[in-house]
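Enquirer: Quick one: this structure, given as structure tokens, is what I'll be asking you about.
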Amino acid sequence: MISLDHVDFTRIHASFPEMILKRGWNYYLDRVVSDLTFENATLRAIVGERARYRVEIELQDFPASTCTCHDGDYCKHMAAVLFEALDQGGRSPTELLRPLAKKQPAHFPKESDSVADWPPFFASVIKMPAYNGPYTLDTYVNNGKATLLPLSQGWDLAKKSLYRLHVWLYLMQGVDEIHEQAKGRYLHYDKRWMLEIQQLLENLNQPRIQEKYEPDLLSTIEYLSQHAFPAHDTITDWSAIYGSVWAHLLAHEPWLQAERHRVQAELEQELGFTTAPPEPIRKKSLHQALLHLEIIMGDDRHAMELADAITPALQPSWFFPYLRSFGAQERWSRLTEWLNWMQPKMQSLPPIEQVSYLSFWRQLYERGELAGQAWEQILVDLLPNSFTEYARTLLEHEQYQGWVDLHLFYEVELTALKSEDVKKVEAANLAYMFPLYHQAAERYILEKNRPSYKRSVRYLKKLKTRYKKLKDQLRWDRYIETLSNKYKRYRAFQEELRKGKLIP
Ligand SMILES: [Zn+2]
């Protein structure tokens with residue numbers, strides 16, 4: 001056991017840039033610190049998997065600490081060693097990650113605070129629980145909400161929404177930390193948390209907030225730049241949060257430009273890294289950030305080029321929030337362009353995503369922004385996942401023959417059809433449904449059991465009455481004779497035919 005009892009981690013924390021600390025944290029979680037020893041107030045360890053660096057940390061004279069990498073004074077390798085030492089010493093590594101939780105006195109949130117004043121308070125009142133079963137996150141989030149949200153009662157609405165947003169950002173950060181500590185053990189993650197954040201952002205009064213609390217918005221930009229770019233896989237979808245906060249709260253042209261510049265610069269720096277292994281997840285989150293910014297700025301052409309260059313490719317559902325907002329704002333040409341861009345990527349997607357994708361096209365079609373024929377072509381291209389939508393459209397276009405053909409082709413169970421749809425088709429022409437009844441009747445015969453024969457006879461009776469109505473008795477007689485002959489060795493079927501008075 002290493003004893004670190006007398007080390008002041010608040011001061012050490014302050015020596016590290018936040019980003020470096022975060023990266024060190026991820027190294028620690030990846031378990032790449034080895035050969036840790038502690039002797040005469042010096043910690044020694046090796047850090048890294050591919051490239052390996054030798055770290056020496058002087059706990060009594062921290063600035064004298066060294067690492068063999070060339071990343072600068074205080075590097076992520078040193079941070080990783082400190083986290084590992086805390087862990088092995090039986091203390092919580094989060095003491096170094098957020099020492100403020102322990103040291104800063106609680107300062108009750110006030111309406112006149114800057115948003116940056118709140119996280120230290122949050123940390124002082126919300127305990128970070130250890131893993132204690134699948135619902136650890138739910139307990140943490142519910143407790144956090146119940147404790148923190150009511151504190152803004154009676155505030156100006158605009159400030160209140162900023163407060164609520166920062167409570168959520170803080171809680172999601174905690175969710176990630178608990179998730180990391182759980183090290184692969186199952187944790188329930190409630191999707192409604194993201195929806196609540198989304199709704200909060202969609203409903204806030206942006207112009208008023210910008211008018212009254214501009215410095216808070218700048219702090220929020222700063223906060224996101226520090227926390228929304230994890231170098232490690234997180235359970236929280238920070239890209240979605242980042243995009244949504246920028247789209248709804250920060251979409252002010254000069255800020256967008258500056259942020260794009262910053263992200264681009266970071267990306268270039270990341271790519272130019274020579275001394276440390278690249279961090280693909282961070283690169284991916286920077287790419288996604290750039291994509292968000294370009295879409296928000298309306299630069300769709302660049303955004304599509306960038307999206308095409310990102311590997312592995314983003315799921316189309318990544319873009320759905322934007323498609324929804326184009327629809328809500330009636331920006332039909334943007335919506336059309338994005339849907340067209342996605343089209344070639346759709347075939348390989350899970351059906352549920354295709355159904356959402358189609359709903360955007362339907363919106364265009366219903367608004368008269370897409371010709372009926374073009375809509376049908378899209379539906380044909382996406383069969384079979386577009387089946388329900390296609391069948392519905394054929395009925396709307398009174399293409400009953402096509403509707404029947406579609407069902408024949410996919411051998412749809414007749415019991416699955418809506419009776420009102422069947423009525424509509426038969427009202428247009430009683431004979432349209434015949435092929436479907438014939439198909440069903442003969443399919444059931446081939447199942448060769450009593451219940452299926454009964455079902456077959458039910459459809460045959462339907463056919464009989466309909467042929468009669470159309471005064472086509474002759475054709476019916478010939479059909480039933482041929483059918484009965486064809487299956488004359490199926491005794492039970494013959495019995496059912498007789499019982500149904502279809503043959504003498
Ligand atoms: Zn280093």
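Enquirer: Determine whether residue 176 is among the charged types (D, E, K, R) and under 17 Å from the mean Cα position of the chain (by Cα).
Expert: For residue 176, the condition - among the charged types (D, E, K, R) and under 17 Å from the mean Cα position of the chain (by Cα) - is met.
Enquirer: Within region 321-359, work out how many residues are of a type in the set (Val, Ile, Thr) and within 20 Å of the chain's Cα centre (by Cα).
Expert: 2
Enquirer: Among (1) within 25 Å of residue 502 (Cα to Cα); (2) in a helix (DSSP H, G or I); (3) more than 37 Å from the chain's Cα centre (by Cα), there is one condition residue 448 misses while meeting the rest; what is its number?
Expert: The number of the failed condition is (2).
Enquirer: For region 333-359, name all the residues that are free of Cβ contacts under 8 Å to residues at least 40 places away in the same chain, buried (at least 16 other Cβ atoms within 10 Å of the Cβ) and of a type outside the set (Lys, Arg).
Expert: 335, 336, 338, 339, 341, 342, 346, 349, 353, 354, 358
Enquirer: Restricted to region 463-478, and to residues that are surrounded by 16 or more Cβ atoms within 10 Å (Cβ to Cβ) and under 55 Å from the mean Cα position of the chain (by Cα), which residue is farthest from residue 415 (Cα to Cα)?
Expert: Among those that are surrounded by 16 or more Cβ atoms within 10 Å (Cβ to Cβ) and under 55 Å from the mean Cα position of the chain (by Cα), it is 467.
Enquirer: For region 222-242, which positions are aromatic (Phe, Trp, Tyr) and touching a Pro at 6+ places or on another chain (Cβ under 9 Å)?
Expert: 223, 238
Enquirer: When the residues of region 24-46 are narrowed to those that are exposed (fewer than 15 other Cβ atoms within 10 Å of the Cβ) and part of a loop (DSSP other than H, G, I, E, B), which ends up farthest from the ligand (Cβ to nearest atom)?
Expert: Within region 24-46, the match that is farthest from the ligand (Cβ to nearest atom) is 40.
Enquirer: Among the residues of region 376-403, how many are surrounded by 14 or more Cβ atoms within 10 Å (Cβ to Cβ) and under 37 Å from the mean Cα position of the chain (by Cα)?
Expert: Going through region 376-403 one residue at a time, the tally reaches 17.
Enquirer: Here's another thing I want to ask about it. With the structure loaded, tell me whether residue 295 is at pLDDT below 85, assigned to a helix (DSSP H, G or I) and aliphatic (A, V, I, L, M) or whether it fails that test.
Expert: Considered against the rule, which asks whether it is at pLDDT below 85, assigned to a helix (DSSP H, G or I) and aliphatic (A, V, I, L, M), residue 295 comes out as no.
Enquirer: Condition first: in contact (Cβ under 8 Å) with a residue 24 or more places away in the chain, in a loop (DSSP other than H, G, I, E, B), under 30 Å from residue 194 (Cβ atoms) and among the basic types (Lys, Arg). Can you find one or more residues in region 364-387 that meet it?
Expert: Looking for residues that are in contact (Cβ under 8 Å) with a residue 24 or more places away in the chain, in a loop (DSSP other than H, G, I, E, B), under 30 Å from residue 194 (Cβ atoms) and among the basic types (Lys, Arg), one finds at least one in region 364-387, hence yes.
Enquirer: Kindly indicate whether residue 49 is in a loop (DSSP other than H, G, I, E, B) and away from the ligand (no atom under 13 Å from the Cβ).
Expert: Criteria met by residue 49.
Enquirer: With the structure loaded, tell me whether residue 259 is modelled with pLDDT of 95 or more, surrounded by 20 or more Cβ atoms within 10 Å (Cβ to Cβ) and touching a His at 6+ places or on another chain (Cβ under 8 Å) or whether it fails that test.
Expert: So residue 259 fails the test.
Enquirer: Go through (1) within 26 Å of residue 475 (Cα to Cα); (2) within 37 Å of the chain's Cα centre (by Cα) one by one and return the number of the condition residue 457 breaks.
Expert: (2)
Enquirer: Would you point out the residue of region 57-71, among those that are without any contact (Cβ under 8 Å) to a residue 40 or more places away in the chain and under 42 Å from the mean Cα position of the chain (by Cα), that is farthest from the ligand (Cβ to nearest atom)?
Expert: Checked region 57-71; the qualifying residue farthest from the ligand (Cβ to nearest atom) is 57.
Enquirer: Name the helices (runs of 4 or more DSSP H) wholly inside region 100-169 in which the number of residues that are surrounded by 19 or more Cβ atoms within 10 Å (Cβ to Cβ) is 3 or more.
Expert: The helices (runs of 4 or more DSSP H) meeting that bar are 118-125, 136-148.
The values are calculated or read from the model by the stated rules, or taken from the named source; none is laboratory data. Just so we're clear, the structure is a prediction, and the values are computed from it rather than from any experiment. We place every Cβ from the backbone using ideal geometry, glycine too, and count neighbours over all the protein chains shown.
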